[in-house]
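Enquirer: Provided herewith is a single structure, encoded as structure tokens, for subsequent inquiry.
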């Protein structure tokens, strides 16, 4: 269980996230929605450690994460795709995923072990990396340097690296942003596949309501940094507060 309690951040006199308390259970995909500037990405940054909270706490499985760095939270089980972009831009796609697999094994065995000495047979590393590349439909790009990948393939590689780290919580911030109409379904299919593992928790910031309706088990809505709605997708989308705040529909018309 991932939970935030009264999570808050202030920038000068502006409260960007205002005492948000929310719990996210394994086996569920929660979409976080709201108008531009509502605090969605800031809330993500507070959970994953890119920003330091002014008040409140973040806990995962009962463990206090609030004082930990972003990298320490990743090791604790929080996985956020953008943290892994272009991990080694001059290495190939396969080498990037293989190193992520190897880092995961290092963490499982002993934090201080040399990455290059975890397994004597690196074939196992390569086989696992190739399994992940197949899952994200990137096997044909296995030998391509990461720096030369088009945007859509970079987004797919982000998911591949995230899968290699085997997190407890997957965090996706607009995963299809900048992708073409043909590319986006690959990412959405990957998220659907991840949902099948009921031991994992998935958080999704997404503006495309058709994607939210299809994927989400639950929606929470932020407006001006405050949690204003939380519930089943159909119920939340139909609520007057969401119609006004997120869809721009006047109260009289809602």
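The values are calculated or read from the model by the stated rules, or taken from the named source; none is laboratory data. Everything numeric in this text was worked out from a predicted model, so none of it was measured. Cβ: placed from backbone, ideal geometry, glycine included. Neighbour counts: every protein chain shown.
Enquirer: Hey, among the residues in the stretch 227-242 that are in a helix (DSSP H, G or I) and surrounded by 14 or more Cβ atoms within 10 Å (Cβ to Cβ), which one's farthest from the chain's Cα centre (by Cα)? Give the steps one after another, and end with the answer.
Expert: Here is the first cut: in the stretch 227-242, the residues in a helix (DSSP H, G or I) are 233-238, 240-242.
In the following step, the residues that additionally are surrounded by 14 or more Cβ atoms within 10 Å (Cβ to Cβ) were identified as 233, 236-237, 241-242.
Numbers: 233: 19, 236: 22, 237: 22, 241: 26, 242: 23 Å.
Among those that are in a helix (DSSP H, G or I) and surrounded by 14 or more Cβ atoms within 10 Å (Cβ to Cβ), it is 241.
Enquirer: Moving on to the next point. Considering only the stretch 1-110, give the strands (runs of 3 or more DSSP E) lying wholly within it that have at least 1 residues that are more than 18 Å from the chain's Cα centre (by Cα) and crowded, with 17+ Cβ neighbours inside 10 Å.
Expert: 2-11, 14-24, 55-60
Enquirer: Evaluate the stretch 182-191: report whether one residue or more is farther than 22 Å from residue 97 by Cα and over 16 Å from the mean Cα position of the chain (by Cα). Please lay out each step first, then the result.
Expert: As a first pass, look at the stretch 182-191 and keep what is farther than 22 Å from residue 97 by Cα: 182.
Subsequent filtering for residues that are over 16 Å from the mean Cα position of the chain (by Cα) retains 182.
Looking for residues that are farther than 22 Å from residue 97 by Cα and over 16 Å from the mean Cα position of the chain (by Cα), one finds at least one in the stretch 182-191, hence yes.
Enquirer: What is the one condition in (1) within 30 Å of residue 95 (Cβ to Cβ); (2) assigned to a loop (DSSP other than H, G, I, E, B) that residue 155 does not satisfy?
Expert: (2)
Enquirer: From the set of residues in the stretch 131-146 that are assigned to a helix (DSSP H, G or I) and under 22 Å from the mean Cα position of the chain (by Cα), which is surrounded by the fewest Cβ atoms within 10 Å (Cβ to Cβ)?
Expert: Residues of the stretch 131-146 that are assigned to a helix (DSSP H, G or I), as a first pass: 131-135, 139-141, 146.
Cutting the leftovers down to under 22 Å from the mean Cα position of the chain (by Cα) gives us 131-135, 146.
Numbers: 131: 14, 132: 22, 133: 24, 134: 12, 135: 17, 146: 22.
Filtering first and then ranking leaves 134.
Enquirer: Pairs, please: C-beta under 7 Å, at least 6 apart or cross-chain, first residue on the phi < 0 side of the Ramachandran plot and surrounded by fewer than 16 Cβ atoms within 10 Å (Cβ to Cβ) and in the stretch 205-226, second part of a loop (DSSP other than H, G, I, E, B) and at pLDDT 90 or above?
Expert: Within 7 Å, the pairs are 217/28.
Enquirer: Let me ask something else about it. Do we have any residue at all in the stretch 103-111 that's over 30 Å from residue 233 (Cα atoms), at pLDDT 90 or above and touching a helix residue (DSSP H, G or I) at 6+ places or on another chain (Cβ under 9 Å)? Quick ask: steps written out before the conclusion?
Expert: First pass over the stretch 103-111, keeping only residues over 30 Å from residue 233 (Cα atoms): 103-111.
Going one step further and asking which of them are at pLDDT 90 or above, we end up with none.
The answer is no; no qualifying residue exists.
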